[in-house]
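Engineer: Pasting a structure below so you can have a look.
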Amino acid sequence: MIRDQAWENIVSNIITGEQVKKLGITVTDEEVLNFLKTSPPSEVQQYFKDKSGNFDYAAYQAALNNPDADWTAVEALARERIPIVKLNHYLMSQVHVSATEVRQASRRAKHEARGALCAVPARRGGHRGVCAFGRRGEGVLRCASRDVQGRGTRRRRILFAYPSRRRNRTAPIS
């Protein structure tokens with residue numbers, strides 16, 4: 001699991017870096033300074049906590065304005081993150097979704113199946129069929145299934161089910 005997350009982060013960083021280069025996104029010193037003043041990274045915030053454990057912005061600003069402080073590592077972190085923020089802003093500005101598209105996507109995402117297990121008799125030669133789940137009016141699930149031999153009887157095991165386009169109908173198992 002951690003290995004998968006690490007791999008996904010590496011791939012994501014490579015793809016993001018390629019897109020940043022492709023779009024010619026750059027970072028100026030002014031942007032770095034503004035980023036550090038307005039959006040201190042969480043890695044830095046942990047060093048500026050008050051007695052109650054909250055981020056102390058005044059202490060952070062004082063340290064940021066200290067000419068003797070070395071902010072090289074934090075600046076490098078900001079230079080890494082700013083292009084990603086700019087890329088995200090660019091991508092979000094390119095996305096235009098209408099209210100109708102949102103409603104349609106919401107309806108598609110809300111499909112769910114309710115029901116109980118149903119016994120489906122096995123038939124020779126057939127691997128597909130339809131069995132009804134739920135009450136009248138709730139629709140039909142189309143099931144892809146396979147015959148399974150078990151303890152002297154033939155049974156059909158449902159491998160997966162998905163909503164059928166037909167409503168309020170069942171078809172025989174073939």
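The values are calculated or read from the model by the stated rules, or taken from the named source; none is laboratory data. Small disclaimer: the values here were computed from a predicted structure and weren't measured. Here the Cβ positions follow ideal geometry from the backbone for every residue, glycine too, while neighbour counts run over all protein chains shown.
Engineer: Which is closer than 30 Å to GLY24 by Cβ and in the same structural domain as GLN19 (by TED's automatic domain parsing), of ALA63, ALA78?
Structural biologist: ALA78
Engineer: Let me ask another. Can you tell me how many residues in the range 2-18 are closer than 24 Å to ALA73 by Cα and either touching a helix residue (DSSP H, G or I) at 6+ places or on another chain (Cβ under 7 Å) or not acidic (Asp, Glu) (or both)?
Structural biologist: 10
Engineer: Here's another thing I want to ask about it. Filter the range 83-119 down to the residues that are in a helix (DSSP H, G or I), of a type in the set (Lys, Arg) and more than 30 Å from VAL44 (Cβ to Cβ), then identify the one that is modelled with the highest pLDDT. If you could, list the steps in order and put the result at the bottom.
Structural biologist: Initially, the range 83-119 is screened for residues in a helix (DSSP H, G or I), giving 83-94, 99-109.
Okay, now just the ones that are also of a type in the set (Lys, Arg), so 86, 103, 107-108.
Applying the additional criterion that residues be more than 30 Å from VAL44 (Cβ to Cβ) yields 103, 107-108.
On the way: ARG103: 86, ARG107: 81, ARG108: 80.
Looking at the filtered set, the residue picked out is ARG103.
Engineer: Here's a follow-up. For the range 13-33, which residues satisfy the criterion of being surrounded by 14 or more Cβ atoms within 10 Å (Cβ to Cβ), among the aliphatic types (A, V, I, L, M), in a helix (DSSP H, G or I) and in contact with a Leu (Cβ under 8 Å, 6 or more places away or on another chain)?
Structural biologist: Once the filter is applied, which keeps residues that are surrounded by 14 or more Cβ atoms within 10 Å (Cβ to Cβ), among the aliphatic types (A, V, I, L, M), in a helix (DSSP H, G or I) and in contact with a Leu (Cβ under 8 Å, 6 or more places away or on another chain), the range 13-33 yields only VAL20.
Engineer: Could you go through the range 70-82 and let me know if any residue there is outside any helix (DSSP H, G or I), at pLDDT 90 or above and surrounded by fewer than 13 Cβ atoms within 10 Å (Cβ to Cβ).
Structural biologist: Looking through the range 70-82, at least one residue is outside any helix (DSSP H, G or I), at pLDDT 90 or above and surrounded by fewer than 13 Cβ atoms within 10 Å (Cβ to Cβ).
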